[in-house]
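The values are calculated or read from the model by the stated rules, or taken from the named source; none is laboratory data. Not measured: the values here are computed from a predicted model. Glycine also receives a Cβ, built like all others from the backbone with ideal geometry; neighbour counts cover every protein chain displayed.
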Amino acid sequence: MRTARRRPIHRTMNDTTTPAPDSAPRYDFAAAEPKWQQAWADRACFTVEDVPTDGKPKYYVLEMFPYPSGKIHMGHVRNYTLGDVVARYKRARGHSVMHPMGWDAFGLPAENAARERGVHPAKWTYDNIAAMRTELRRMGLSLEWEREFATCQPEYYQHQQKLFLDFLKAGLVERKESWVNWDPVDGTVLANEQVIDGKGWRSGAPVEKKQLSQWFLSITKYAPDLLDALDRMDRWPERVRLMQANWIGRSEGAKLAFTLADSNGADSAETVEVYTTRPDTLFGMSFMAIAPEHPIANEVAARDPKAAAFIAECKSRGTSEATIETGEKLGYDTGLRVKHPFIEGATYPVWIANFVLMEYGTGAIFGCPGHDQRDMDFARKYALDVTPVVLPPNTDPAAFVLGKEAYTGPGTAFNSGFLDGLDVDAAKRAAIGKLESLGVGKGLTNWRLRDWGVSRQRYWGCPIPVIHCDKCGVVPVPDDQLPVRLPEDVTFDKPGNPLDHHPTWKHVNCPACGAKARRETDTFDTFVDSSWYFARYCSPKANVPLVKAAVDHWMPVDQYIGGIEHAILHLLYSRFFTRAMKDTGHVSVDEPFAGLFTQGMVNHESYRGTDNRWLYPEEIEKRPDGTAVHRETGEPVTVGRVEAMSKSKRNTIDPGAIIARYGADTARWFILSDNPPERDMEWTESGAAGAFRFTQRVFRLAEALDGTRTETMPDAFGPAGRTMRRATHRCIAAVTEALDSFAFNVAVARLYELANAITEAERAATEAGLAWARREAVEMLARLSSPMMPHLSEEVYARLFPDSGHLVAELAWPEADPALLVAESVTIAVQVMGKLRGTIEAVPNAPADAVIAAAEADPNVAKALEGKRIVKRVHVPNRIVNFVVAG
RNA sequence: GCGGGUGUGGCGGAACGGUAGACGCAGAGGACUCAAAAUCCUCCGCACGUGAGUGUGUGUCGGUUCGAAUCCGACCACCCGCACCA
């Protein structure tokens, strides 16, 4: 258990307050920022214990940990600034705040660097981490670096291997064959997003569909709970919950078996299973369609070359964009026929169809063109029967004809035997009942969610801790042999997985029988690494995956912050993993993230030169008329769209350069002030410069107090002092409210208002107590802005209270004096028929009679009322008077 | 196609059903300065008016209400997600 050691605050005021030359800024952020970062570290302001005993309510703030690409980008700055505001604010509000940081350090870019530049993935990764850690430290984030880890460290991934083995024991892991995207040149499986136009994103080779034995985590076992729990996650964005619900994809229907008729029309032994959500439309069936990968399709292909050719064509067209965009439906009649479950003697053709997916349902459907658009398209193309069986409300059955549009709305069954007259829902139930009594089918809830394939044929990932033995099959690596470490001496000179090529690594003896055996050479999908890191932070040094007392104290994460791009995979995998960890006794919670906030992107204008090449923002110069020229050549520059910062468009801003020029506080302040954090923001030079001006202005407001020091609060204040104090305390209340609701841009606006009010007070004539009121205002300006601009806040506070002995980071959040939140007088709007005709001043909560009388007396109001009869007088206390008139 | 979201000045945006445009950016004018920078002050939705003020205005059209950016209905535009899911 670590304890926080307290050391004195460094006081080096003279370093930063030496008058600079007139033209230079007087607040020297370059000196102040490292100084305060050191002070926070020295006094361990952000350190908490794994199992705290301080009795404070816990608050776990987490931003999605970064991939160590080597440099932070503005998206990181936004993400970590948002998290830091929450962390610092909650800390000040009396919470014990855990705010850790680490690295999502396994992944393909490290291997690419190894192939392209010959640098070892580990070196590349650790160098990048060192560089990014330095940059993050410069931001002044209230992070507890003591908890830092990288997922590529054996100290981390050994516990992941242990968790996997526990899952294996608990029956949450399966090894099964599955279809994968195979890159024949790189010799590896590709994720769907790595397949572009049917070709491998690196090799450019056409991707093949291949069946491979892979490890799967049984996320589908939790599908109902993962779906149901979404309803209770009221601190998650609605759209993320919707996206997950769609992804999980629950549907209700029936599974039923069709009997194949042999060539004589008699029953054969074979059946074909079908899943449908519309069992009520069975009487409208006109064909059956099966996926090209369906076993029956294979059987047909074995004896029918044309069928084989058709299937081959489907597979090659596969996911190609042309097929998806045109949506053209293609089919091949196998000559087989199936019998209808309800209609004696009726049989239907079996087609192989490109629009039927093997991955969904059973890979076979019954076609009802009347009430399914895809089936309709197919039927019209191949001239198959169309029989309507659902009659829309208030429609004459004789007049109801279907053209090219299927009818999918509500109605009553007709042409449907025993279902006739029932509405759609009742007909579904009746049809399912009948299928069940006939023993050919049953009601079934189907899920779109698939089990999670975690095998990757790559080096730079966590080894899957199993051994393949010819005699014993798959044998888990015993606990005492963990971790299964990655070998360091690997080469990347040939395609495929370096672990597989390694001369010795995979050759081991079977832990069960001692015979020669092989290590699993696949590594985990990196989404596994990020599916439990948030729990590991609770006890990052423990020699077991998770220390129960620590995770039970800190989990769930109270506020998780990151990009919307992880709305489905990372967040869903983490929700699953947490449930699996609970079922294997590692944690006590189901849900890892109680609150989720998804931030918007950081955008920037893009620029093109005369030769149409993209230009970096620092290569161009803006002119007053809004046009731009090349800084060196003077040639005109086309100002393009404002869009997501990307290297290819060169519209990136380097956070390091911004911090060097303006300081971290300026970067943080601008990023918070621009707009609400969930929306995309635009980084602008003028906005950043504006934020910088404000940091200087705050410092000047504090400087201007020099020589006005008074220790005790005066008994009475003059009018300017009272105005100042009310502004201060209104600001406390408003900023508090804004921070509570993630309205950081509003909090910033309220602080600008306070600064403006202080400037006004500076101009007021000297009066008793005004100096004290100004000091109070500047103090609050500093303290209220501390979550956003922590360094400047400390600097100003230290200037005001050189002997306080504590840091703003250690102070409790200010409280507004309720007495000062009540205005001395209120402005009441006066309307006539809802139109504003004037305003009157009144004491708060003045009696209605007096207010209405004063309103009527207002000259402009009187003019508007002239010659009219007042029908009604509406009075909303302290807000508005409205006269309703006639005539 | 299905689902979701968003429309407010030149721009980002603010606004418990109660004075629309807080605050910032950009712009205009002024003070200080030999000058510039920095800083400070004033103005800044649109139209008419010297002005007081009047009219108009939150995507469009309606509705509810004493009063609508806000609530309801229809439509338009844009953005995002998913997509042959049976």
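Consider A:T584 carefully, then state whether it is more than 26 Å from the chain's Cα centre (by Cα), of a type outside the set (F, W, Y), modelled with pLDDT of 95 or more and at negative phi.
Yes; evaluated as a whole, the condition is true for this residue.
Conditions first: (1) surrounded by 18 or more Cβ atoms within 10 Å (Cβ to Cβ); (2) touching a helix residue (DSSP H, G or I) at 6+ places or on another chain (Cβ under 7 Å); (3) under 30 Å from A:A87 (Cβ atoms). A:T736 passes all but one, so which condition is the exception?
(2)
Anything in segment A:632-659 that is small (G, A, S) and touching a residue at least 60 places away in the same chain (Cβ under 8 Å)? List them, or say none.
Hit for segment A:632-659 is A:G656, nothing else.
Determine which member of the set A:A110, A:A114, A:A130, A:A122 is aliphatic (A, V, I, L, M), without any contact (Cβ under 8 Å) to a residue 24 or more places away in the chain and farther than 28 Å from A:V51 by Cα.
A:A130
Mind listing whichever residues of segment A:820-840 are assigned to a strand (DSSP E or B), of a type in the set (A, V, I, L, M, F, W, C), farther than 16 Å from A:A850 by Cβ and over 47 Å from the mean Cα position of the chain (by Cα)?
Result: A:V832, single match.
Give segment A:230-240 a look and list any residue that's within 10 Å of RNA strand B (Cβ to nearest atom) and part of a helix (DSSP H, G or I), or say none. Spell out the reasoning first.
Of the residues in segment A:230-240, the ones within 10 Å of RNA strand B (Cβ to nearest atom) are A:237-240.
Selection gives A:E238, A:R239, A:V240.
Could you pull out the residue among A:V884, A:V861, A:V851 that is outside any helix (DSSP H, G or I) and over 30 Å from A:Q38 (Cα atoms)?
Numbers: A:V861 fails: outside any helix (DSSP H, G or I); A:V851 fails: outside any helix (DSSP H, G or I).
Residue meeting the stated conditions: A:V884.
Condition check ((1) within 11 Å of RNA strand B (Cβ to nearest atom); (2) modelled with pLDDT of 90 or more) across all residues:
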position: A:V639; (1), (2): no, no
position: A:K647; (1), (2): no, no
position: A:G656; (1), (2): no, yes
position: A:G663; (1), (2): no, yes
position: A:T695; (1), (2): yes, yes
position: A:G707; (1), (2): no, no
position: A:T723; (1), (2): no, yes
position: A:L739; (1), (2): no, yes
position: A:A747; (1), (2): yes, yes
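In segment A:750-759, how many residues are within 13 Å of A:L701 (Cα to Cα), in contact (Cβ under 8 Å) with a residue 12 or more places away in the chain and near RNA strand B (Cβ under 7 Å from one of its atoms)?
Qualifying residue count, segment A:750-759: 2.
Using beta carbons and a limit of 6 Å, which pairs, at least six apart or on different chains, have the first residue in segment A:45-56 and acidic (D, E) and modelled with pLDDT under 95 and the second one exposed (fewer than 13 other Cβ atoms within 10 Å of the Cβ) and not in a loop (DSSP other than H, G, I, E, B)?
Close Cβ pairs satisfying both conditions: none exist.
If A:S804 passes every condition in (1) surrounded by fewer than 24 Cβ atoms within 10 Å (Cβ to Cβ); (2) in a helix (DSSP H, G or I); (3) polar (S, T, N, Q) but one, which one does it miss?
Failed condition: (2).
Out of all the residues in segment A:57-71, which are surrounded by fewer than 17 Cβ atoms within 10 Å (Cβ to Cβ) and either at pLDDT 95 or above or within 16 Å of RNA strand B (Cβ to nearest atom) (or both)?
Taking segment A:57-71 first, the residues surrounded by fewer than 17 Cβ atoms within 10 Å (Cβ to Cβ) are A:57-58, A:69-71.
Matches in segment A:57-71: A:P57, A:K58.
Could you please let me know if A:D127 is surrounded by fewer than 20 Cβ atoms within 10 Å (Cβ to Cβ), outside any loop (DSSP other than H, G, I, E, B) and in contact with a Gly (Cβ under 9 Å, 6 or more places away or on another chain)?
yes
Just checking, which of A:L212, A:L227 is aliphatic (A, V, I, L, M), under 29 Å from A:F164 (Cβ atoms), in a helix (DSSP H, G or I) and more than 13 Å from RNA strand B (Cβ to nearest atom)?
Details: A:L212 fails: in a helix (DSSP H, G or I).
Only one candidate qualifies: A:L227.
Determine which single condition A:A105 fails, assuming it passes every other condition in (1) under 23 Å from the mean Cα position of the chain (by Cα); (2) under 30 Å from A:R450 (Cα atoms); (3) assigned to a helix (DSSP H, G or I).
Of (1) under 23 Å from the mean Cα position of the chain (by Cα); (2) under 30 Å from A:R450 (Cα atoms); (3) assigned to a helix (DSSP H, G or I), only one is false for A:A105: (3).
Considering only residues of segment A:174-198 that are more than 24 Å from the chain's Cα centre (by Cα) and assigned to a loop (DSSP other than H, G, I, E, B), which is modelled with the lowest pLDDT?
It comes out as A:D197.
Whether any residue in segment A:809-829 is within 22 Å of A:P719 (Cα to Cα), of a type in the set (S, T, N, Q) and modelled with pLDDT of 90 or more is what I want to check.
Yes, there is a match, as at least one residue in segment A:809-829 is within 22 Å of A:P719 (Cα to Cα), of a type in the set (S, T, N, Q) and modelled with pLDDT of 90 or more.
Give just the number: which of (1) near RNA strand B (Cβ under 10 Å from one of its atoms); (2) at pLDDT 90 or above; (3) not polar (S, T, N, Q) does A:R763 not satisfy?
Unmet condition: (2).
Hey, among A:A691, A:A667, A:A702, A:A716, which residue is exposed (fewer than 13 other Cβ atoms within 10 Å of the Cβ) and either more than 11 Å from RNA strand B (Cβ to nearest atom) or within 28 Å of the chain's Cα centre (by Cα) (or both)? It would help to see each step written out before you state the result.
On the way: A:A691 fails: exposed (fewer than 13 other Cβ atoms within 10 Å of the Cβ); A:A667 fails: exposed (fewer than 13 other Cβ atoms within 10 Å of the Cβ); A:A702 fails: exposed (fewer than 13 other Cβ atoms within 10 Å of the Cβ).
Just one listed residue meets the conditions, A:A716.
Collect the residues in segment A:594-638 that are closer than 30 Å to A:S574 by Cβ and in contact with a Lys or Arg (Cβ under 8 Å, 6 or more places away or on another chain), keeping them in residue-number order.
Correct list: A:A594, A:G595, A:L596, A:Q599, A:G600, A:V602.
Would you check which residues across segment A:428-453 are out of contact with any strand residue (DSSP E or B) (no Cβ under 6 Å at 6 or more places or on another chain), surrounded by 17 or more Cβ atoms within 10 Å (Cβ to Cβ) and small (G, A, S) and list them?
If the condition is that a residue be out of contact with any strand residue (DSSP E or B) (no Cβ under 6 Å at 6 or more places or on another chain), surrounded by 17 or more Cβ atoms within 10 Å (Cβ to Cβ) and small (G, A, S), then A:A430, A:A431 are the ones that fit.
Here is a check on your reading of the model: is A:E776 of a type outside the set (A, V, I, L, M, F, W, C), within 14 Å of RNA strand B (Cβ to nearest atom) and closer than 15 Å to A:A727 by Cβ? Can you show your working first?
Details: of a type outside the set (A, V, I, L, M, F, W, C): yes; within 14 Å of RNA strand B (Cβ to nearest atom): no; closer than 15 Å to A:A727 by Cβ: yes.
Criteria not met by A:E776.
Just checking, which of A:A855, A:A782, A:A819 is without any contact (Cβ under 8 Å) to a residue 60 or more places away in the chain and in contact with a Phe, Trp or Tyr (Cβ under 8 Å, 6 or more places away or on another chain)?
Selected residue: A:A855, the only one of A:A855, A:A782, A:A819 that is without any contact (Cβ under 8 Å) to a residue 60 or more places away in the chain and in contact with a Phe, Trp or Tyr (Cβ under 8 Å, 6 or more places away or on another chain).
Read through the list (1) over 18 Å from A:Y348 (Cβ atoms); (2) at pLDDT 90 or above, then give the number of the only condition that A:A297 fails.
The single condition A:A297 does not satisfy is (1).
Somewhere in segment A:498-516, is a residue closer than 19 Å to A:F106 by Cα and surrounded by fewer than 18 Cβ atoms within 10 Å (Cβ to Cβ)?
Among the residues of segment A:498-516, at least one is closer than 19 Å to A:F106 by Cα and surrounded by fewer than 18 Cβ atoms within 10 Å (Cβ to Cβ), which makes the answer yes.
Filter segment A:670-679 for residues that are within 20 Å of A:P617 (Cβ to Cβ) and more than 7 Å from RNA strand B (Cβ to nearest atom); which is surrounded by the fewest Cβ atoms within 10 Å (Cβ to Cβ)?
Here the residue is A:F670.
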